[in-house]
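One structure is given below, encoded as structure tokens.
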Amino acid sequence: MYNTAVFMIFTSDGWNDYQGSGFFASSNGIGISNYHVFQGTTIGYEQIKLSNGNTYKIKNVIAKSEDDDYIVFQVDAMGGNFNFIPVSNRMPKVGEQIFTIGSPYGLENTFSSGEISQFRGDNLIQINAPIDHGSSGGALINEYGEVIGITTAGLDKSGANLNFAVDINVVKPYLK
């Protein structure tokens, strides 16, 4: 259902290429991802690729935070209408079932499921759903089909699916 709302992000620093994930939070092309997906890359080299093969550039950055690891931007879509994931107004709870969609290792629109394990600090949601390199910036979705977080990182050496997402509430002020 959300395959066309989640996209792959390709960036470059001019020498190396990188890949991450992102998702649309509005029909007019407002996208969300992690700041670290773009960190150290060259503006203008980024490419947003949808599952249907369409590609877009970023028109403008609406908000970003290295500390909270998010970026909110609008794609240059010439009035396009995008499938998007609605942002939740519910407060998630430990034990709640969740789903992720991202592109680990370039495997486009990989779906996984799990539960919320805990809340860490002010803006991190600990999850046990599998995510991996390239999943960064993907959507963390609740059982109601609403986005509650931005998948961001895992403790690779744990083997216990200790993964994290940035709480979607940090970007809500920029989605109005």
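The values are calculated or read from the model by the stated rules, or taken from the named source; none is laboratory data. For clarity, every value in this text was computed on a predicted model and none was experimentally measured. Heads up, the Cβs are rebuilt from the backbone with ideal geometry, glycines too, and the neighbour counts pull from every protein chain shown. Please note that ligands, DNA and RNA were not included when accessible areas were found on the heavy atoms of the full protein model with its side chains. Shrake-Rupley method; radii C 1.70, N 1.55, O 1.52, S 1.80 Å.
Yes or no, residue by residue, for (1) part of a strand (DSSP E or B); (2) among the polar types (S, T, N, Q):
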residue	(1), (2)
His36	no, no
Thr42	no, yes
Ile62	yes, no
Asp67	no, no
Gln74	yes, yes
Asn89	no, yes
Pro92	no, no
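Give me a count of the residues in segment 53-78 that are more than 15 Å from Phe7 (Cα to Cα) and open to solvent by 80 Å² or more (accessible area, probe 1.4 Å). Break it down into steps so the answer makes sense when it comes.
Taking segment 53-78 as the starting set, the residues that turn out to be more than 15 Å from Phe7 (Cα to Cα) are 59-70, 78.
If we keep only those that are open to solvent by 80 Å² or more (accessible area, probe 1.4 Å) too, we end up with 59, 64, 66-67, 78.
Selection size over segment 53-78: 5.
Residue by residue through segment 126-155, note down the ones that are at pLDDT below 90, among the aliphatic types (A, V, I, L, M) and in a strand (DSSP E or B).
Scanning segment 126-155 gives a single hit, Ala153.
Surrounded by 12 or more Cβ atoms within 10 Å (Cβ to Cβ), among the small types (Gly, Ala, Ser), under 14 Å from Ile150 (Cα atoms) and at pLDDT below 95: is that true of Gly102 in this structure? Reasoning before the result, please.
Details: surrounded by 12 or more Cβ atoms within 10 Å (Cβ to Cβ): yes; among the small types (Gly, Ala, Ser): yes; under 14 Å from Ile150 (Cα atoms): yes; at pLDDT below 95: yes.
Yes; evaluated as a whole, the condition is true for this residue.
Take Val171 and tell me if it is more than 21 Å from Asn3 (Cβ to Cβ) and open to solvent by 40 Å² or more (accessible area, probe 1.4 Å).
In short, no.
Taking the criterion of being in contact (Cβ under 8 Å) with a residue 40 or more places away in the chain, more than 15 Å from Met8 (Cβ to Cβ), among the hydroxyl-bearing types (Ser, Thr, Tyr) and open to solvent by 10 Å² or more (accessible area, probe 1.4 Å), would at least one residue in segment 79-92 satisfy it?
no
Looking only at segment 86-114, count how many residues are under 22 Å from Ala5 (Cα atoms), over 15 Å from the mean Cα position of the chain (by Cα) and not polar (S, T, N, Q).
Counting residues in segment 86-114 that are under 22 Å from Ala5 (Cα atoms), over 15 Å from the mean Cα position of the chain (by Cα) and not polar (S, T, N, Q) gives 3.
Please go through segment 11-45 and give me each residue that is aromatic (Phe, Trp, Tyr) and open to solvent by less than 70 Å² (accessible area, probe 1.4 Å), ordered by number.
Listed by number, the residues that qualify are Phe23, Phe24, Tyr35, Phe38.
Return a yes/no flag: does segment 43-54 have any residue that is touching a residue at least 12 places away in the same chain (Cβ under 8 Å) and touching a His at 6+ places or on another chain (Cβ under 8 Å).
No, that holds for no residue.
Consider Ile85 carefully, then state whether it is touching a helix residue (DSSP H, G or I) at 6+ places or on another chain (Cβ under 9 Å) and either modelled with pLDDT of 90 or more or under 19 Å from Ala129 (Cβ atoms) (or both).
Details: touching a helix residue (DSSP H, G or I) at 6+ places or on another chain (Cβ under 9 Å): no; either modelled with pLDDT of 90 or more or under 19 Å from Ala129 (Cβ atoms) (or both): yes.
Considered against the rule, which asks whether it is touching a helix residue (DSSP H, G or I) at 6+ places or on another chain (Cβ under 9 Å) and either modelled with pLDDT of 90 or more or under 19 Å from Ala129 (Cβ atoms) (or both), Ile85 comes out as no.
Could you give every pair whose Cβ atoms fall below 8 Å, whose first residue belongs to segment 95-113 and is on the phi > 0 side of the Ramachandran plot, and whose second residue is open to solvent by 30 Å² or more (accessible area, probe 1.4 Å), counting only separations of at least 6 or pairs across chains?
These pairs meet every condition: Gly95/Glu115; Tyr105/Asp132; Tyr105/His133; Gly106/Gln19; Asn109/Asn3; Asn109/Ser51.
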